Amino acid sequence: MPIEAAYDLLERSLIYHRGRPVGTAAACNDSVVAANYKECFVRDFVPSALAFLTSGRHEIVRNFLETVMELSGHQQVMQGHKRSMGLMPASFHVVVEGDKEEVITDFGDRAIGRVTPVDSALWWMILLRAYVVASGDSAFAARDDVQRCISNILDLYLRERFESSPTLLVPDAAFMIDRRMAVYGYPLEIQTLYYGMLLAAHELLIDNESNAKLISDLAALSDALLDHLQHYYWIDRQRFNQMHRFESEQFGRDVVNKLNVYPESIPGWMDGWLDARSGFFVGNVGPGRIDFRFFAQGNLLSILFGIASGDQAQSIMNLYLTRWDALVGEMPMKILYPAMVGEQWRFSTGSDPKNVPYSYHNGGNWPVLLWPFVMAAVGVGRMELAEQALDITMRRLKKDNWPEYYDGRLGDLIGRRSNFHQVWSATGLIIAHEVMEHPDSRALLDSALIKGHARDDK
Ligand code: GLC
């Protein structure tokens, strides 16, 4: 049975520190291709955590939250710079020598390309809130060290820099897509996680006099961010038509085309891509720039975190229905669509052979994305789509030995450089299966994940 095998893999992946399980390895293959897949990645642990929460193993999630909290701010500091206490590592692992154990971190200082894990602390806060709701252990969040950690994260992420919008400005490769992929600036996935983090922090901070200003700032920031995403990121037929006829070079406050996006920059594939019932949040927005690519994780988290209104969530699901082959194909889910090809691939990825068109981050299919898809689809009543995606995965993933990703326009090929026994591929399936088969787990996950309230009249 695929599900039993998935739980087995999850069990084998546990990483121990001082005798306690504190995380899960990214992959459990003895001959793992990349050395760091034996480490526990913060983002990869999220679906492990959700699986543990549905099976009542809360303590593992708590151990993980504590471990990462203790590691935060332990990065190397460049000469002349100050330490950001709110930065959390991309990954960690435990080295045992005799009776000594050492936790080794990667804050991007060892990672390929030296990428910064902006998403780690965002996920940590969202997971902390999920843990508290699922376990009822609100005393943990109220502890002084945990409250301090929340404040440190907010201090880093809310720091004033060169803001011109409520969105969070990040370098390339700051999240799940952790290689150069033209995802610098204001990528959707980071914005959705940022929104989730703001809401979670708002709930978790103790409501006392010294937090009062921060708590009201958090509410204002999340409202402004939601408005911004609704206004600048959402696209459907109507909005697309407006962009198609955009006037440019408009100066001043009350103009329509504020970011000076030239209609000429609209890529050819957008012509006919959206039918009258479909829509989605675009991948990135900045001065003179709309990245029209469809990013699965950002769109699915928009539904889960309540950034998409009810109507918008249906429009995203309609897009999945009409573009099923392109966005799901033979293995859920395409990470982004369409792939960058030719000169665009050369310039935007630095000729990255791992990210050739329709492979890996550049339009590969990632089984881990099944969990947000199934949760989002079920949450908005699109059971048939959830069933279909789960069905494909159940038939194939275990047989293929839990690949990390698939290649090809249809996702029909096992990824050329893919790891096997990839843990988040298995936990993605576990969660999707739990949501479909067990109403209790569905209800638990639904309440554990933070949710805002976009209105349909937005
Ligand atoms: C790759 C992925 C990243 C993931 C890591 C471990 O670096 O791009 O998203 O966290 O592998 O699975």
Quick one: check the C-alpha center-to-center distance for region 170-189 versus region 416-433, whole angstrom. 22
If each K or R counts +1 and each D or E counts -1, the residues other than Gly86 whose Cβ falls under 11 Å of its Cβ total +2
Suppose each label sits 7 Å from its Cα in the direction of the beta carbon; what would the Asp109-Arg253 distance come out to in nanometres? 4.7
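What's the longest bit of the chain with no exposed chymotrypsin sites (Phe, Trp or Tyr not before Pro), using DSSP loop states and at most 13 other Cβ atoms within 10 Å as the test?
Values: sites that count: Phe162, Phe251.
Value returned for the longest uninterrupted segment is 252-458.
Sum up the charges of everything whose Cβ sits under 13 Å from the Cβ of Gly379, counting Lys and Arg as +1 and Asp and Glu as -1, but leave Gly379 out. Could the numbers behind the result be given before it?
Working: positive: Arg382, Arg442, Lys451; negative: Asp446.
Residues close to Gly379 contribute a combined charge of +2.
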Please check which bits of region 15-56 a label hung off Arg416 would reach, taking the label as a point 7 Å along Cα-to-C-beta and the cut-off as backbone N under 17 Å. 33-34
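Gain in length, Asp8 to Ala35, computed as 0.36 nm per residue apart minus the alpha-carbon separation, to one decimal in nm?
Full extension from Asp8 to Ala35 adds 7.5 nm.
Do any GluC sites (Glu not before Pro) in region 246-333 lie in a DSSP loop with no more than 16 other beta carbon atoms within 10 Å, and if so, which?
Here the sparse-neighbourhood loop sites are Glu247, Glu249, Glu330.
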Listed highest first by mean packing, meaning other Cβ atoms within 10 Å per residue, what order do 428-435, 440-447, 99-106 come in? 428-435, 440-447, 99-106
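Which entries of Lys82/Lys213; Lys334/Lys451; Lys354/Lys451; Lys38/Lys399; Lys354/Lys398 have Cα-Cα distances beyond 29 Å here?
Values: Lys82/Lys213 25 Å; Lys334/Lys451 24 Å; Lys354/Lys451 35 Å; Lys38/Lys399 22 Å; Lys354/Lys398 24 Å.
The answer is Lys354/Lys451.
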May I have the extent of the alpha carbons of region 266-400 along their three principal axes, as whole Å values ordered from largest to smallest? 41, 38, 26
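His244 to Asp144: extension gain in nm, 0.36 nm per residue of separation minus the Cα-Cα distance?
30.7 nm
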Scaled by the rule-of-thumb 2.2 N^0.38 Å, the alpha carbon Rg for region 266-345 gives a ratio of 1.10
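When a/c reaches 1.5 or more, the comparison of a/b and b/c decides; with that in mind, is region 78-213 rounded, prolate or oblate per its Cα gyration tensor? Could the numbers behind the result be given before it?
On the way: a/c = 1.65, a/b = 1.08, b/c = 1.54.
Taking the square roots of the gyration eigenvalues as a ≥ b ≥ c, region 78-213 is oblate.
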Report the extension gain between Asn401 and Arg237 in nm, rounded to one decimal, defined as 0.36 nm multiplied by the number of residues separating them, less their alpha carbon distance. 54.9 nm
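Taking every pair of Cα atoms in region 200-266, average 1/r, invert it to obtain the Kirkwood radius, and report Rg/Rh to two decimals. Walk me through the numbers before you get to the answer.
Numbers: Rg = 17.9 Å, Rh = 14.7 Å.
Rg/Rh for region 200-266 comes to 1.21.
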Cα centroid separation - region 141-162 against region 262-324, whole Å: 32
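Hey, any idea what the orientation-averaged projected area of the convex hull of region 204-341's Cα atoms comes to, in nm²? Each step should come with its number before you reach the end.
Numbers: hull surface 44.1 nm².
That works out to 11.0 nm².
Does the chain come out rounded, prolate or oblate by the C-alpha gyration tensor, with a ≥ b ≥ c the root eigenvalues, rounded set by a/c under 1.5 and, if not, prolate when a/b is larger than b/c and oblate if not? Mind dumping the intermediate values first?
Details: a/c = 1.41, a/b = 1.17, b/c = 1.21.
Rounded, because the longest to shortest axis ratio a/c is under 1.5.
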Among the DSSP H helices of the chain, those whose Cα atoms extend at least 30 Å along the helix axis and whose mean Kyte-Doolittle hydropathy is -0.5 or higher are none
Report the residues of region 150-182 in range of a label on Ile215: point 7 Å along Cα→C-beta, backbone N strictly under 19 Å from it. 150-155
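For the chain, what does -39500 (n - 2.57) per DSSP helix run (n ≥ 4), summed and divided by total residues, give at 222 nm, in deg cm²/dmol to the nearest 500? Each step should come with its number before you reach the end.
On the way: 17 runs with 200 residues, N = 458.
The helix-only estimate for the chain comes to -13500 deg cm²/dmol at 222 nm.
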How many angstrom lie between the Cα centre of region 374-398 and the Cα centre of region 342-366? 27
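What Kirkwood hydrodynamic radius do you get for region 16-122 when you take the inverse of the mean 1/r over all pairs of distinct Cα atoms, in Å?
Over region 16-122, the inverse of the mean reciprocal pair distance is 14.6 Å.
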For Met181, the net charge from surrounding residues (Cβ-Cβ under 10 Å; K, R +1; D, E -1) works out to 0
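Readers should treat all values here as calculations from the given coordinates under stated rules, not as data from a laboratory. Every value quoted in this text rests on a predicted model; they were computed, and no experiment measured them. Neighbour counts are summed over all protein chains in view; Cβ atoms, including those assigned to glycine, are modelled from backbone coordinates with ideal geometry.
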